[in-house]
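Notes follow the structure.
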Amino acid sequence: MSFKLPFFKTKQKSEKDTPTIEHVPRHVAIIMDGNGRWAKNRGLPRIAGHKEGMDVIKDIAKAASDSGVEILTLYAFSTENWKRPNAEVDFILRLPKEFLHHYLPDLMRHNVKIETIGNLDVLPEHTKEAVAYAKAQTENNDGLLLNFALNYGSRFEIMDAMKRVMQDVDALKLSIDALDESLFSKYLYTDGLTDPDLLIRTSGEQRLSNFLLWQSAYTEFWFTDVLWPDFNEDIFKNALHDYQQRKRRYGGI
Ligand code: FPP
């Protein structure tokens, strides 16, 4: 990991709250919004925005990795996105394969590990195969964890977790008294991952849209009007820098 970015200042004795290298968010989550508007502004079909947005991912993954971020979770396809026209859904669900076809060798070189959260069962075979291949190829990498949220919805995730908790209670594998926040978290897709420290949403919208509702209880939010296809490494670094100025209190003082 290199820490050559100028905003990772070393703490001086006199600067009590100056951000240090330890302030790099371990887990950054991004709602990549604005692809459709980006395309519309250029008189292009919406899918052109998704295609452009796909290419931005590799730049931000590299920036995250270079900055010392450990986990980058990207909201690529939500459980609500099925409401879009079939052709658009079909196009978005082909992007993982295209992305991996173009960038997997580069991701391997950068020691990136690919993971997913979401219900993959109902995705097209070609999407599942591409993702399974990338996971298998990168499973021993221990650099940045690039985590795609695919067919992900927080309410479904929490409800599904609750069902499995109840099944385990019924099967006497779990005592209801043993259930606490930490144990419940193990039933979520994000089991084993730290909660996001920083959540970025592009395109001027300021809502969570069913993304990581449980996990973002103490997450710092950062919003920009920039549309996702125009998002770049410098803007990402601005978000990290902004995060480094914040003081997280987790309900304390
Ligand atoms: C939101 O913009 C974007 C999406 C629903 C799709 C995001 C997908 C990508 C950026 C590419 C995914 C690539 C891989 C490798 C998984 P929008 O269409 O809602 O934009 P709008 O609000 O301007 O209409």
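The values are calculated or read from the model by the stated rules, or taken from the named source; none is laboratory data. Not measured: the values here are computed from a predicted model. Here the Cβ is made from the backbone with ideal geometry for all residues, glycine too, and neighbour counts use every protein chain on show. Just the protein is used for accessible areas: all its heavy atoms, side chains included, with ligands, DNA and RNA removed. Shrake-Rupley method; radii C 1.70, N 1.55, O 1.52, S 1.80 Å.
Evaluated at q = 0.10, 0.12 Å⁻¹, a Debye calculation over the C-alpha positions of the chain (equal weights, vacuum) places log10 I(q)/I(0) at -0.52, -0.75.
Once Lys and Arg get +1 and Asp and Glu get -1 on their Cβ, which of 154, 217, 240 lies farthest toward the positive end of the dipole of the chain? The Cα lying farthest towards the positive end belongs to 240. Highest mean packing comes first when the peptides 123-135, 182-194 are listed by Cβ atoms within 10 Å, giving 123-135, 182-194.
Annotation: extensible slack from residue 106 through residue 42 equals 20.1 nm (criterion: 0.36 nm per residue apart, minus Cα-Cα distance). In the context of the full set of protein chains, the chain has a per residue accessible area of 53 Å² (1.4 Å probe). For the chain, the 222 nm mean residue ellipticity estimated from helices alone, with every DSSP H stretch of n ≥ 4 adding -39500 (n - 2.57) and the total spread over all residues, rounds to -13000 deg cm²/dmol. Would you mind checking 51/247; 135/186; 135/163; 51/163; 51/128 for any pair whose Cα atoms are more than 30 angstrom apart? From the list (51/247; 135/186; 135/163; 51/163; 51/128), the Cα-Cα distance tops 30 Å for 51/247; 51/163. A Förster radius of 51 Å combined with the Cβ-Cβ distance from residue 245 to residue 169 puts the calculated FRET efficiency at roughly 0.70. Here the accessible area of the chain is 51 percent carbon and sulfur, with a 1.4 angstrom probe and all protein chains present. Distant-in-sequence amide contacts of residue 74, defined by a placed amide H-H separation under 5 Å and a gap of 5 or more residues or a different chain, comprise 30, 147, 148, 149.
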